[in-house]
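**Student:** Sharing a structure here in C-alpha cells format.
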Amino acid sequence: MKAWTITGPAPHTLADLKLTDVAEPTPGDTEVKVYVRAVGLNPADYKVIAGSNTTPRVVGMDCAGEIVAVGANVTNWSVGDRVMYHGDLRRAGSLAEFTVTTALSLAPIPSNVSFEQAAASLCGTLTAYQALYRKANLSEVPTVLIHAGGGAVGLAALQFAHDLNLPTIATTSARKRPLVERVGADTIIDYHQEDVTAAVMAATDGLGVGLSLNTIGGEELAADVERMAYNGQIIAIGDGMPAHLDLDSKALGLVRSALGGVYGSNNPTEIADLGFMAGVVGQKLATGEFDPVIDRILPFDDAAEGLNILQRGDNLGKLVVKVD
C-alpha cells in the first residue's frame, strides 16, 4: 500500500517524508484495520517527524475511515463501520491507505457527517473538550480566557464554551480574527496590537478570569497569573513550564491537559474515553452544533505539502488530507 513514511537517518525534517510502498498492516486480537478515507493534519505530526529516531515510520495521527477487518476479540465493531479516532503516536500512523488501531478509542461517524469533517474534529477538538469537560472546575468561572483563539484548540474551545454558557475572551492575530469572529467570542484581543493583561482586566472589570485555557505554555503561563481572578484555574495545554509560577498569591489551580499520553498509561478506561469524547463531537457535527473550520482539503499526494503549510502557519483553519 501507499503510505507517507519518514526516510533516511535522523535528525529528520519534512524533507525526509516520502510517499512509499509498505506492507499492509494486520490487526491483532483487540484491533481493527481501517481503510483510511481522510486524515486531519496537526502540528504534532511534524513534531513527531523531527523527534523520530526510527525509520521507516508511517506518520499521521487523526483518522476517519471504514473498518475492513476486526481482531478475534473485537465484538462491538464490524466490517463496514464508519469510524473516527485520535491515534497512538507509538503506532504506524494514518497517512496511509490502510492502518491498524485499538478498538478502544474508536467512535462512530454519523451518516450525515463526511469523512473530512470527522478527520478535522479530533486532535485539537478533543484537546479542547478534555480541557473544558474533563479538567476544568466550572463552579466559579465568570469568564474563560482562550489563548490562540484562531487555532484548532482555540476554535473548538470557543464553541464548547458557548455550549457551557461561559463568557469568552479570545486572543488572536489580525490574520486569524475572522475565524474567531466566525465562531464567536465576547471579547477579542489582538495580541500583536494590545496589552493582553490590560485588555483582560478591562473586560472583567478588574477582577480577572476564572479560567484560562493556555495553549502557549512557557512564560505565558506565568503571565496568566496577573490575568486570573482569585481562586481561578489555569489549564496548561502548551508545552513548557516556567521556572517561576506564582500560584499562591491568588490561590490558583494549575492543571495539565494532553491527549496522546493516555495510550502510554495502558489504562483501558482512559483510552476508551478518547472514543467517548470523539463520539460526542461526532453527534455535534451531525446536528450542526460544531464547526470544524476546515481551511482546505488536500489530495493524498499533497500530504507533505500540507504539513509544510501547517508548519509555516499559512493555514486558516484545519487542513485535511483526502486519501481516496
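The values are calculated or read from the model by the stated rules, or taken from the named source; none is laboratory data. As the structure is a computational prediction, the values presented were derived from the model and not from experiment. For neighbour counting, all protein chains shown are included, and Cβ atoms are generated from backbone atoms with ideal geometry for every residue, glycine included. Just the protein is used for accessible areas: all its heavy atoms, side chains included, with ligands, DNA and RNA removed. Shrake-Rupley method; radii C 1.70, N 1.55, O 1.52, S 1.80 Å.
**Student:** Mind telling me which of the residues Leu132, Leu95 ends up being among the hydrophobic types (A, V, I, L, M, F, W, C), open to solvent by less than 50 Å² (accessible area, probe 1.4 Å), under 27 Å from Tyr46 (Cα atoms) and within 15 Å of the chain's Cα centre (by Cα)? Quick ask: steps written out before the conclusion?
**Tutor:** Values: Leu95 fails: within 15 Å of the chain's Cα centre (by Cα).
Exactly one residue qualifies, and that residue is Leu132.
**Student:** I've got another one for you. When the residues of segment 74-85 are filtered to those that are hydrophobic (A, V, I, L, M, F, W, C) and in a strand (DSSP E or B), which remaining residue is farthest from the chain's Cα centre (by Cα)?
**Tutor:** Step one: of segment 74-85, the residues hydrophobic (A, V, I, L, M, F, W, C) are 74, 77, 79, 83-84.
Subsequent filtering for residues that are in a strand (DSSP E or B) retains 83-84.
Values: Val83: 17, Met84: 13 Å.
My answer is Val83.
**Student:** Kindly indicate which of Met241, Met201, Met228 is touching a residue at least 12 places away in the same chain (Cβ under 8 Å), among the aliphatic types (A, V, I, L, M) and under 19 Å from Ala157 (Cα atoms). Give the steps one after another, and end with the answer.
**Tutor:** Details: Met241 fails: under 19 Å from Ala157 (Cα atoms); Met201 fails: under 19 Å from Ala157 (Cα atoms).
That would be Met228, the only listed residue that is touching a residue at least 12 places away in the same chain (Cβ under 8 Å), among the aliphatic types (A, V, I, L, M) and under 19 Å from Ala157 (Cα atoms).
**Student:** Another question, if that's okay. Exactly one of these conditions fails for Ala72: (1) among the hydrophobic types (A, V, I, L, M, F, W, C); (2) open to solvent by 60 Å² or more (accessible area, probe 1.4 Å); (3) in contact with a strand residue (DSSP E or B) (Cβ under 7 Å, 6 or more places away or on another chain); (4) at pLDDT 95 or above. Give me its number.
**Tutor:** (3)
**Student:** Take the residues of segment 172-181 that are under 18 Å from the mean Cα position of the chain (by Cα) and not charged (D, E, K, R): which is surrounded by the fewest Cβ atoms within 10 Å (Cβ to Cβ)?
**Tutor:** Leu179
**Student:** Moving on to the next point. Could you grab me the full set of residues in segment 3-36 that are among the β-branched types (Val, Ile, Thr) and surrounded by 15 or more Cβ atoms within 10 Å (Cβ to Cβ)?
**Tutor:** Thr5, Ile6, Thr20, Val22, Val32, Val34, Val36
**Student:** The conditions are (1) part of a loop (DSSP other than H, G, I, E, B); (2) acidic (Asp, Glu); (3) buried (at least 20 other Cβ atoms within 10 Å of the Cβ), and Asp88 fails exactly one of them. Which is it?
**Tutor:** Here Asp88 clears every test but (3).
**Student:** So in segment 203-231, with the set limited to residues that are assigned to a loop (DSSP other than H, G, I, E, B) and open to solvent by 30 Å² or more (accessible area, probe 1.4 Å), which one is nearest to His162 (Cα to Cα)?
**Tutor:** That would be Thr215.
**Student:** Does segment 98-107 hold any residues that are more than 18 Å from Leu41 (Cα to Cα), assigned to a strand (DSSP E or B) and open to solvent by less than 10 Å² (accessible area, probe 1.4 Å), and which are they?
**Tutor:** Matches in segment 98-107: Ala107 only.
**Student:** Continuing with this model, one more query. Those residues that are surrounded by 18 or more Cβ atoms within 10 Å (Cβ to Cβ) and either among the acidic types (Asp, Glu) or within 30 Å of Tyr133 (Cα to Cα) (or both), I need them from segment 298-310; list them, please. Let's see the steps before the verdict.
**Tutor:** Kept after step one, since they are surrounded by 18 or more Cβ atoms within 10 Å (Cβ to Cβ), are these residues of segment 298-310: 298, 300, 303-304, 306-307, 310.
Listed by number, the residues that qualify are Leu307, Leu310.
**Student:** Would you point out the residue of segment 182-202, among those that are over 21 Å from Leu316 (Cα atoms) and not small (Gly, Ala, Ser), that is least open to solvent (accessible area, probe 1.4 Å)?
**Tutor:** The qualifying residue least open to solvent (accessible area, probe 1.4 Å) is Val200.
**Student:** Looking at Asp62, Asp88, Asp45, can you tell me which residue is within 17 Å of Phe300 (Cα to Cα), at pLDDT below 95 and either among the basic types (Lys, Arg) or under 20 Å from the mean Cα position of the chain (by Cα) (or both)?
**Tutor:** Asp45
**Student:** Continuing with the same structure: Only one of (1) without any contact (Cβ under 8 Å) to a residue 40 or more places away in the chain; (2) in a helix (DSSP H, G or I); (3) not small (Gly, Ala, Ser) is not met by Asp301, so which one is it?
**Tutor:** In the conditions (1) without any contact (Cβ under 8 Å) to a residue 40 or more places away in the chain; (2) in a helix (DSSP H, G or I); (3) not small (Gly, Ala, Ser), Asp301 misses (1) alone.
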